[in-house]
Amino acid sequence: MGWILSLGFVALAILSPLAIPAGAADFVVIVNGANPVAAISARDASNLFLKKTAQWPDGVKAAPVDLDEGAAARESFSKSVHHKSTTAVKSYWQTMIFSGREIPPPEKASTQDVTAFVRANRGAIAYVPAGTALGGGVKVVEVTP
């Protein structure tokens, strides 16, 4: 009986990484250095990127920006924050566009373009691959569950 219980713990230990969002450490969320926010929930981040929330708590208009569709950090971000694939998020935006309700955030081809956008826009929020050199005027915010 004890070995069955031990086997169960081993199976749980092997399978438990599957419960962690894929690629959770593959990206960091960044904002303009003047933004007072130090942490944001995944739900709030998702709402900003899907434009369900239009402004930050201090009233500044939110300006989300995405990496190019093929970027690995974009897929990791989509799965971890939106709980959807990049393809599913694109489908959401197609619906929003065709219904005339909203347009998606702009896409930038490189992490340098993303960080430059965030640096230049007080309300900007973006994500970049973990380990990206950010430079001044940009800061990482913690994403909480």
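From the residues in segment 36-87 that are within 16 Å of Val114 (Cα to Cα), assigned to a loop (DSSP other than H, G, I, E, B) and not acidic (Asp, Glu), which one is nearest to the chain's Cα centre (by Cα)?
Val65
Please name all residue pairs, on different chains or six or more residues apart, with Cβ atoms under 8 Å, provided the first residue is in segment 128-145 and is exposed (fewer than 11 other Cβ atoms within 10 Å of the Cβ) and the second residue is charged (D, E, K, R).
Every condition considered, the pairs that remain are Gly136/Arg119.
One residue is enough: does segment 99-106 have a residue meeting the conditions touching a strand residue (DSSP E or B) at 6+ places or on another chain (Cβ under 8 Å), of a type in the set (Val, Ile, Thr) and either surrounded by 12 or more Cβ atoms within 10 Å (Cβ to Cβ) or not in a helix (DSSP H, G or I) (or both)?
So the first thing to find is which residues in segment 99-106 are touching a strand residue (DSSP E or B) at 6+ places or on another chain (Cβ under 8 Å), and the list is 104-106.
Keeping just the survivors that are of a type in the set (Val, Ile, Thr) gives none.
Within segment 99-106, none of the residues are touching a strand residue (DSSP E or B) at 6+ places or on another chain (Cβ under 8 Å), of a type in the set (Val, Ile, Thr) and either surrounded by 12 or more Cβ atoms within 10 Å (Cβ to Cβ) or not in a helix (DSSP H, G or I) (or both).
In segment 72-88, which residues are surrounded by 17 or more Cβ atoms within 10 Å (Cβ to Cβ) and without any contact (Cβ under 8 Å) to a residue 12 or more places away in the chain? Working first, answer last.
Initially, segment 72-88 is screened for residues surrounded by 17 or more Cβ atoms within 10 Å (Cβ to Cβ), giving 73-82, 86.
Ser78, the sole residue that qualifies.
Consider Val60 carefully, then state whether it is among the β-branched types (Val, Ile, Thr), out of contact with any Cys (no Cβ under 7 Å at 6 or more places or on another chain) and more than 22 Å from Trp93 (Cα to Cα). Show your work before the answer.
On the way: among the β-branched types (Val, Ile, Thr): yes; out of contact with any Cys (no Cβ under 7 Å at 6 or more places or on another chain): yes; more than 22 Å from Trp93 (Cα to Cα): yes.
The answer is yes for Val60.
Every number in this text was worked out from the coordinates using simple rules, so none of it is lab data. Given the structure is predicted, the values throughout are model-derived calculations rather than measurements. Neighbour counts run over all protein chains shown; Cβ positions are idealised from the backbone, glycine included.
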